[in-house]
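Since every read-out is calculated from the coordinates, none of them should be taken as a lab result. Small disclaimer: the values here were computed from a predicted structure and weren't measured.
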Amino acid sequence: MKISESTEFKIDIKTVVSIIVITSMFMTMYFTLQSDIEDAKKLPEAVIDRIEYDLKQKWQTEHIEGLEEKVDELLYWARKMDGKIESGICLEKQKKNK
């Protein structure tokens, strides 16, 4: 395909309107974002209070303790099942020996 002075390029009205609408949407989003950034620059810096830090630390500690409890329950269950499996194997060996 060659592009030259005689090359025709056809585009319909719907496509032109779509391009204009999409371009205007992006421009609007860009300028809105720029405005929001300028507004945010004027705000005072965020301060993390000691209370916020303590609450986050408390939540993390509680979450870790909850996970530790679940792990302990799973270990108990696994040991219990292991004991049942071993006792079942021992019973099978006793039956074979008789």
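Points to keep in mind about this one:
- As computed over segment 13-97, the Cα convex hull volume per residue (Å³): 186 Å³
- Using a Gaussian network model of the chain in which every pair of alpha carbons under 10 angstrom is joined by a spring, one finds that among Ile85, Ile11, Ile19 the greatest mean-square fluctuation is at Ile11.
- Phi to ³J(HN,Hα) by Karplus 6.51 cos²θ - 1.76 cosθ + 1.60 over segment 8-20, Hz, x for Gly, Pro: 9, 10, 9, 9, 8, 5, 4, 5, 4, 5, 4, 5, 5
- Eligible lysines near Lys10 by straight Cα distance, threshold 30 Å, same-chain separation 8 or greater: Lys2
- Angle of helix 50-97 to the longest C-alpha principal axis of the chain, folded into 0 to 90 degrees and rounded to 10: 40°.
- Across q = 0.18, 0.25, 0.32 Å⁻¹, segment 44-93 modelled as identical point scatterers on its alpha-carbon atoms has Debye log10 I(q)/I(0) values of -0.71, -0.88, -1.03, in the order of the q list.
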